[in-house]
Amino acid sequence: MLRLQLTLAARYLLGRKLRTALTTLAIVFGTMVIFGMGMLLPTMLAAFQANVLAAAGQVDVTVTQKSGEAFTRSALSKVRAVPGVRVVAGSLSRTVNIPSGYYGRTQLGALTLTGIDVDAAQALHSYAVTSGRFLRASDESVTVITANLAEMLSLHLGDKLHLPTADGDITLKIVGLLPARSQPGNEEVLVTLSEAQKLLALPNRINTIEANLNTTDQAQRDVIEGAIQSSLGTDYTLGGLSGGSELLAGLQTGQAAFSLFGFLALFMGGFIIFNTFRTIIAERRHDIGMLRAIGAGRRTIVGLILVEGLIQGVVGTAIGMALGYLMGAGILLMMGSLYRNFVHLNIGAPVIEPQLFVQTIVLGVGVTLLAGLLPALSASRVSPLEALRPAAVEHTTQRFTRGNIAGAGLLVLALLGLVSHNARMAALGGLLFLIGLVLVAPVLVQPIATFFSRLLTLLVAREGTGELAQSNVVRQPGRAAVTASATMVGLAIVVAMGGMVWSLTGGFLGILQKSLGSDYLLMPPAVSLWGSNVGAKPELANRLRATPGVAVVSTLRYAAATANGKSVALLGIDPVNYTKVASLAFQAGDPQTALADLSRGRALIINGVFAAQTGLHPGDSVHLSTPTGQQLYQVVAVGGDYLNAKIQTAYISQANLQRDFHKSEDIFLQLNLAPNANAATVEPRLKAILKDYPQFKLVSGQNYFEENKQIFNSTFMVMYVLLGVLAAPSLIALLNTLAIGVIERTREIGMLRAIGATRRQVRRIVMTESLLLAAIGTAFGLLAGLYLGYVMILGLSTAGYPVDYVFPAGGLVAAVAIGLLLGVVAALFPARQAARMNIVRALRYE
Amino acid sequence: MALIQAEELTRVYGAGETAVTALDHASLGVEAREFVAVMGPSGCGKSTLLYLLGGLDRPSAGRVMIDGISIGELTDDALTRLRRQKIGFVFQSFNLIPMLDAVDNAALPLTLDGVAAEKARTRATEWLQKVGLGNRLTSRPDQLSGGQQQRVAVARALVAEPRLVLADEPTGNLDTRSSDEIAGLLRQVADDWGRAVVMVTHDAHIASYADRILFLRDGVIVDELRLDAHNRANAELVAERLRMV
Ligand SMILES: Nc1ncnc2c1ncn2[C@@H]1O[C@H](COP(=O)(O)OP(=O)(O)O)[C@@H](O)[C@H]1O
Ligand SMILES: [Mg+2]
């Protein structure tokens, strides 16, 4: 029985090669997106772990301070004292961002500088040097690096390695080479602990404790780890490093968005398949009736249709996964260079988790089968009499169904959600709005198609072709609605993204001018991931101040902390000098006094993102975890600067940062020239000073503003690329509907040609039909897009981003243009197919 | 000169081993206002002949002249224009557009010719009234019986005032009563409205409405029967003659 079903299914599929290909394409696209996007996060995670955690190596326990900051050796003794701990070693390790061009043409994003307690470390790790010797406790200005790194930099034993530090550029002599590491990641530069403490200006401090335990029994280990934790207190973390978690959170959000898009694509794919199967059933009523007449059971019929779906699902999913792999690998390749340069993360080979295979296959094949099930069931109800009766004239009139009414209800709810001005309600409303539109769409097809066909008739579709096209669209309102919905989803996202990018650009450029409006900026390589940047001692700022022509220098310092359980970047500012070169954009509190208030006791200005996450307001008090223990700070205002708008940030005075966090390294400097100074003469002097501090780049404030505007503009470019991807399901849906329509109406087209329609007129009918479908989709897309865009901005401002909604006029124009283009492109092939049709064969078509 | 002059028409489908000669050196002429029926068993090449006469297909050999024009030399667009203006078609399965009402269906050839909508509808309405559907003008095909749908098709075939109407088994999907009515209507097309009609059928009774019957067998015209006023509609005569060929 199954053999018969397989044979028949294969015959039917091959008999309509074009349609089979188009339907399968819908599945291919959905699975491609899910599979391709599903690869991204695990690969990034692996890269992240390799980079950040590889330094930790294979040890039983790694202890770090919660904030990621350095601490005193007293913690080391505490760990050593815990029973069951075999050996411990403290180390001081830090990512050192390498400015581009620092090592000539070798592109190296970052290195990890690690100072180890030479004797203790060798008890924990085995360092098998391949040439030269390992470090000795008494060593000064020497290093051991991996053979890999040496090769990359064309360095040999005895050569000098340059490194940017807070003290300026330094050199280390290479005394030994270690074998290349198996995991990719930041290459390590090993020095003695005292050397690292000197280079990083953290005397007597360490930031990592590694320990090995004297048992391998998991239960006993848990007990020992518990003892270490309780002896150190809650300010310390056991396990991997916690730094960089904000990057991880960002990645996860991106992944969620991509997956959602993949599901939408697959959902549309399901619709397309559902449609195709309904058409197939209508076409084959005769055949099915005949099969029933000669004794096929209902189950056989259901099986027959489902086997067809299964074949397409399996083939489509397989192709989709292959293409998805290529897409994912391609994106990773592109992101690789981006990440190396901006976030200093090396991305390795694509990582595919086994569950991704399972998930993609289940979704791809499952959606296909599910979409085929309803049509299959309706096929099984075909009576054997159908085989004997001539085919009835098809004609469906659209009446109000329960679905339409439910859809209208959802739309009303969605609007209520929008009016509520509550971000969560509005977001829910956005989903309801989309679903509601899809549900009411079939009723709206007729009036909208009538409206647009009048328009098109005036413009292009003369000689009755417009009316014919409209009648083709209206003939299957359900199918037209689904097709238009696919276009709608794509375009809604275009409009919404347009609105968001526009609003964000306006908001951010405003703050940019306010907070970075100084004459010059000294930028570290990784802006906003402050922890990994190497700064400078106050000496740099002093030398700049002493330069003739410089009026004022303001610096930012950095420390990591946690407050209310959330990690936060603390920026130390000098309230007096800061106000002379820049300002924060305030959202709450008194802008006049807020900065001055920072000098009164332990005071803190928090930025919008952090305020939204913690619910803190001006006047509240909050405990910050510091290397010196918990300290109570008072929130005086909510406000932020440009560079940190996306990161949880708080601003305190540099005096407080020095006292509570022992940090006095400047990681970002701004300066203004004296009113009568000539930039052309001052700039060379500044550059001369910066020769000693290659980690900083001198940028004029004006240039920086322009550069950032440029970045916002390239964000638009990225959006266009995304649009290309988004357009694909819409295009497939349109193409599919048109192609199926042309196939179904073969005999009608033959008749039209016989009674005198030219090829061009036939082509115009299909083209107009396509434009009508696209127009309906675009109309819906604009509506839904405006709604979604507004919701996104509402959500962003509740999350603390300083943005106002800007009406995306440009996005609307773009969406209309894209909609029209989709219509034209989708019609090219089916229109040609229809126009080229052989009249006699078309008239004889069954 | 005859309205249609077909000379040595041959149509071969496929090539090599599987080649089928559907029409084999068939020659015929049709005069203006003449009603010709083409008869023969299924698969003898009747439709093939009709399609060649209507310019829907091109012959493998031989040529067709319509109103003095050799259609073999025309481009696709010119041929289409000729069909639109000089030939009306009626098909076995009506082939109406389900979403359009009777008037719009009947008006299609004019609309495609760029005639203004109002004028096209007026003329379509006139023809629908002439074929007896004055009371069903705004009905859609699914609201009409088979016979009524075929009347709409006849009105559509006549609306552009062609000189020739080609009908391929126009009664093939109809019951006996409706078949009679349609055959009578085609008779009227020739007699009252002055068009030439070529009708394919395998029903002797329907064929007996014609002025002249061509008998086709295996792609060859094997016989011809003229019916005058006194043996018109004599189905037995036609059936007997059919048995002989
Ligand atoms: N496209 C085609 N390819 C091959 N053979 C064809 C094709 N169309 C028709 N034929 C064959 O040509 C012969 C005549 O067909 P047709 O003109 O349809 O006959 P009738 O209309 O008299 O039933 C038949 O044998 C038929 O099988
Ligand atoms: Mg035939």
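The values are calculated or read from the model by the stated rules, or taken from the named source; none is laboratory data. Note that the coordinates shown come from a computational prediction; the quantities given were computed from them, not determined experimentally. Note that we place each Cβ from the backbone using ideal geometry, even for glycine, and neighbour counts take in every protein chain shown. What goes into the accessible areas is simple: the full protein's heavy atoms, side chains included, and nothing from ligands, DNA or RNA. Shrake-Rupley method; radii C 1.70, N 1.55, O 1.52, S 1.80 Å.
Note on region B:1-80: with charges restricted to the Cβ of Lys and Arg (+1) and Asp and Glu (-1), its dipole about the Cα centre is near 200 debye.
For chain B, a Gaussian network of Cα nodes joined below 10 Å ranks B:ARG177, B:ARG163, B:ARG121 by mean-square fluctuation, and the top entry is B:ARG177.
At the residue level, A:MET152 shows approximately 80 square angstrom of accessible surface with a 1.4 angstrom probe and all protein chains present. Largest accessible area first, the residues B:ARG232, B:ARG226, A:ARG94, A:ARG278 order themselves as B:ARG226, A:ARG278, B:ARG232, A:ARG94 under a 1.4 Å probe with ligands, DNA and RNA left out.
When only the Cβ of Lys, Arg, Asp and Glu is charged (+1, +1, -1, -1), the dipole of the protein assembly as shown relative to its Cα centre reaches about 720 debye. Just to confirm the number: angle between the C-alpha axis of helix B:117-130 and the first principal axis of chain B, 0 to 90 degrees, nearest 10? It works out to around 70 degrees. When the protein assembly as shown is described by a simple charge dipole with +1 on each Lys and Arg Cβ and -1 on each Asp and Glu Cβ, the residue from A:SER420, A:LEU157, B:VAL115 located farthest towards its positive end is B:VAL115. Reported value for the protein assembly as shown: 234 Å³ per residue, from the convex hull of its C-alpha atoms.
Spin-label pair A:HIS421-A:LEU459: with each label point 7 Å from Cα along the Cα-Cβ axis, the two points sit 3.9 nm from one another. Quick note on region A:68-234: its Rg to Rh ratio, both from C-alpha atoms and Rh being the Kirkwood radius, is 1.01. Mind listing, in residue-number order, the residues in region A:736-758 that have at least 10 Å² less accessible area with every protein chain present than in their own chain alone (1.4 Å probe)? In region A:736-758, residues shielded by partner chains: A:ARG747, A:GLU748, A:MET751, A:LEU752, A:ARG753, A:ALA754, A:ILE755, A:GLY756, A:ALA757, A:THR758.
Subtracting the Cα-Cα distance of A:ALA551 and A:LEU428 from their residue separation scaled by 0.36 nm leaves 39.0 nm. Positive contributions from Lys and Arg (+1) and negative ones from Asp and Glu (-1), summed over other residues with Cβ under 13 Å from the Cβ of A:VAL699, come out at -2. B:TRP193 sits with roughly 50 Å² accessible to a 1.4 Å probe, with DNA, RNA and ligands left out of the calculation. In region A:737-841, taking the dipole from charged Cβ atoms about the Cα centre, the farthest positive-side position among A:ILE765, A:ALA779, A:ALA826 is held by A:ILE765. Residues in region A:68-234 average 44 Å² of solvent-accessible surface per residue, probe 1.4 Å, ligands and nucleic acids excluded. Neighbours of B:VAL38 by Cβ distance under 15 Å: Lys/Arg scored +1, Asp/Glu scored -1, total -3. When the residues A:TYR805, A:TYR520 are ordered by accessible surface, computed with a 1.4 Å probe over the protein chains alone, the sequence from largest down reads A:TYR805, A:TYR520.
Summed over both chains, the accessible area lost when B and A associate is about 2600 Å², using a 1.4 Å probe. The order of B:ASP218, B:ASP101 by accessible area, most exposed first and with a 1.4 Å probe, is B:ASP218, B:ASP101. With a simple spin-label model that places each label point 7 Å from the Cα along the Cα-to-Cβ direction, the separation between A:THR72 and A:THR628 comes to 1.1 nm. Given the options A:ALA594, A:LEU584, A:GLN658, identify the residue whose Cα lies farthest towards the positive end of the charge dipole of region A:525-695 (+1 on Cβ of Lys, Arg; -1 on Cβ of Asp, Glu). Most positive-ward Cα: A:GLN658. Of all DSSP-defined beta bridges confined to the protein assembly as shown, some 70% are antiparallel rather than parallel. Taking all protein chains as shown and a probe of 1.4 angstrom, A:VAL636 keeps an accessible surface of around 30 Å². About its Cα centre, the dipole of region A:68-234 is roughly 140 debye, where the only charges are +1 on Lys and Arg Cβ and -1 on Asp and Glu Cβ.
One decimal place: the segment A:ALA293-A:MET334 gains 8.8 nm when fully extended, by the rule 0.36 nm per residue minus the C-alpha distance. Annotation: amide H-H contacts under 5 Å for A:ASN422 (H modelled 1.01 Å from N, sequence separation of 5 or more, or interchain): none.
For the pair A:LEU828 and A:HIS125, label points projected 7 Å from Cα toward Cβ lie 5.6 nm apart. Taking a ≥ b ≥ c as the square roots of the Cα gyration tensor eigenvalues, region A:525-695 comes out prolate, since a/c reaches at least 1.5 and a/b is larger than b/c. Treating r as the C-beta distance of A:LEU6 and A:TYR845 and R0 as 41 Å, the FRET efficiency rounds to 0.95.
When the Gaussian network model of chain B links Cα atoms closer than 10 Å, the mean-square fluctuations of B:VAL198, B:VAL152, B:VAL222 top out at B:VAL222.
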